[in-house]
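The values are calculated or read from the model by the stated rules, or taken from the named source; none is laboratory data. The shown structure was predicted, so the numbers you read here are calculated from the model rather than taken from an experiment. Note: ideal-geometry Cβ built from the backbone for every residue, glycine included; neighbour counts use all protein chains shown. These area figures cover heavy atoms from the full protein model, side chains too; ligands, DNA and RNA do not enter into them. Shrake-Rupley method; radii C 1.70, N 1.55, O 1.52, S 1.80 Å.
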Amino acid sequence: MSERDVVVRTANVVKQYGEGEAAVRALNGVTCEIYAGEYLSIMGPSGSGKSTLFNMIGGLDKPNEGSVFVNSVDIAQLTPRELAFLRCHTIGYIFQTFNLIQVRTALENVTLPMLFAGVQPEEAEEKGAALLATVGLGHRLHHRPTELSGGQQQRVAIARALANTPAIILADEPTGNLDLKTGQEIIDLLRSLNTERGVTIISATHDHKMLDVSDRIFHIRDGQLADVETRGEADAEAPLAHGPSASMP
Amino acid sequence: MKQTQFKNVDPPFWVAWNQALASLRVRFFRQLITSIGVALGIAFFASVQTLRAAQTTHDMQSEAKLRWLVGTSLVMCLVGVTNSMLMSVTERYREIGTIKCLGASDGFIVKVFCLEAMMLGAAGSFVGAGVGSVLMAGGLLASGEHVRSIQMLEITFLGVLVGMTLTVLAAIAPAIQAARMPAAAALRVEV
């Protein structure tokens, strides 16, 4: 366990919104390590800084103090172009609101990141179709997001996140806008991708079904990493601590 | 530990072109309204230009009046076009954030909006300039004044040029701003 590869490391990350009197410290010195190939959940009440940490790890935002290393590269030192490259090749994103590109079809949504990576169009289309088949949407290639259900949209988003075979998939409340059954399917899909492809999954979540499949759980409280649970402990605690409330936005 | 190798690969031009085309096609009615906004401004501009071209006598007072009208029409154009383009870019901050997450460079985003604005601007101002100058020329003809067709062509050309320039300028400013924003901030924007 101790010699595992670290894929993301944060050191004393501080993020502050606003200035002076009105300043809010969303993150107040978070130091953590995330291992390659693990399934990690980030838990915490709304406003705890969970989403902010998620944005920091994903290179979507820069910290005020401290540093974030992805594959041992300090994100703060990257130029916008290098950051775009990192987002394109190393990280796949899944959002609560799916965030598919509304004007493009499912297949085009999946191929777009590959085209950004310089993959030839024929190859991208072939791989995109294969990925959509993997997530169970082989028959919906040319539908636009408005013609797909929530669960299907989230599957497209997962296929899109996998497009450039990233090392990390970041999922921000991926089941938050889905009903119980669909949410469970998405969780199973993420878990199987994690075991089969060895992709690291980091998800911010409220959903206790999500916690059940996690290898580790980070509890964030008031902008700090309050507790780290490994899977065994979580299994014993989850039903009591979180009750039947399955998915809160 | 795996070290990331950074290379700069820009997607080929047609990727941006397709994205712009898809956006125009799928959001056709929204874009049509934007385009009509551009057309209205340019129609006013072109009609005043036609009026000016028809002027045969060169007395100072009426020339000054027309200049003032041209100035007003340009300002109206500027406000109309800028407003339409600002709206159509700002309502898409989320999309910009998403494309950034997929690994688009800032340049790609600006390129897409620039292409879209060029196409919108060209279509809108061509229709506007045509309609504006033809209507005004028709009106003038009824009162016995003539505008030469070569002048009409000039006015249409000028109108398209002015319209496209204004449209692209008005689109590019918010697009650059949106492209430079951290992706998280662009995703958070609610319009």
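Summary of values
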{"read-out": "Residue list for the range A:91-103, restricted to those being open to solvent by 20 Å² or more (accessible area, probe 1.4 Å) and at the interface with chain B (Cβ under 8 Å from one of its Cβ atoms)", "value": "A:102"}
{"read-out": "Matching residues in the range B:88-107 - criterion: being among the basic types (Lys, Arg) and over 16 Å from residue A:55 (Cβ atoms)", "value": "B:92"}
{"read-out": "Given (1) part of a helix (DSSP H, G or I); (2) charged (D, E, K, R); (3) surrounded by fewer than 22 Cβ atoms within 10 Å (Cβ to Cβ); (4) touching a residue at least 60 places away in the same chain (Cβ under 8 Å), index of the condition residue B:10 fails", "value": "(1)"}
{"read-out": "Residue A:88, sole failed condition from (1) in a helix (DSSP H, G or I); (2) at pLDDT below 95; (3) closer than 30 Å to residue A:231 by Cα", "value": "(3)"}
{"read-out": "Of all residues making up the range A:18-47, the number that are at pLDDT 90 or above, open to solvent by 20 Å² or more (accessible area, probe 1.4 Å) and over 14 Å from residue A:224 (Cβ atoms)", "value": "4"}
{"read-out": "Qualifying helices (runs of 4 or more DSSP H) (wholly inside the range B:16-113; at least 2 residues being modelled with pLDDT under 85 and crowded, with 24+ Cβ neighbours inside 10 Å)", "value": "B:60-90"}
{"read-out": "Flag for residue A:37 being over 28 Å from residue A:128 (Cα atoms) and more than 10 Å from chain B (Cβ to nearest Cβ)", "value": "no"}
{"read-out": "For residue B:138: the one exception among (1) surrounded by 14 or more Cβ atoms within 10 Å (Cβ to Cβ); (2) at pLDDT 90 or above", "value": "(1)"}
{"read-out": "In the range A:48-70, the residues that are open to solvent by 50 Å² or more (accessible area, probe 1.4 Å) and more than 14 Å from chain B (Cβ to nearest Cβ)", "value": "A:65"}
{"read-out": "Selection within the range A:71-90 - of a type in the set (Val, Ile, Thr), more than 8 Å from chain B (Cβ to nearest Cβ) and crowded, with 20+ Cβ neighbours inside 10 Å", "value": "A:75"}
{"read-out": "Qualifying positions in the range A:173-195 - more than 22 Å from residue A:38 (Cβ to Cβ) and open to solvent by less than 40 Å² (accessible area, probe 1.4 Å)", "value": "A:178, A:182"}
{"read-out": "Residue within the range A:7-28 that is closer than 29 Å to residue A:116 by Cβ, out of contact with any Ser or Thr (no Cβ under 8 Å at 6 or more places or on another chain) and not aliphatic (A, V, I, L, M) present", "value": "no"}
{"read-out": "Residues of the range A:166-190 classified as touching a strand residue (DSSP E or B) at 6+ places or on another chain (Cβ under 9 Å) and among the hydroxyl-bearing types (Ser, Thr, Tyr), total", "value": "1"}
{"read-out": "Residue in the range A:112-126 that is closer than 30 Å to residue B:23 by Cβ, within 13 Å of chain B (Cβ to nearest Cβ) and within 17 Å of the chain's Cα centre (by Cα) present", "value": "yes"}
{"read-out": "Extreme residue, least open to solvent (accessible area, probe 1.4 Å), among residues of the range B:167-191 that are modelled with pLDDT under 85 and within 12 Å of chain A (Cβ to nearest Cβ)", "value": "B:188"}
{"read-out": "Qualifying position, being without any contact (Cβ under 8 Å) to a residue 40 or more places away in the chain, of a type in the set (Gly, Ala, Ser), more than 30 Å from residue A:59 (Cα to Cα) and not in a helix (DSSP H, G or I), among B:138, B:144", "value": "B:144"}
{"read-out": "1 or more residues under 22 Å from residue A:124 (Cα atoms): qualifying strands (runs of 3 or more DSSP E) within the range A:152-231", "value": "A:168-172"}
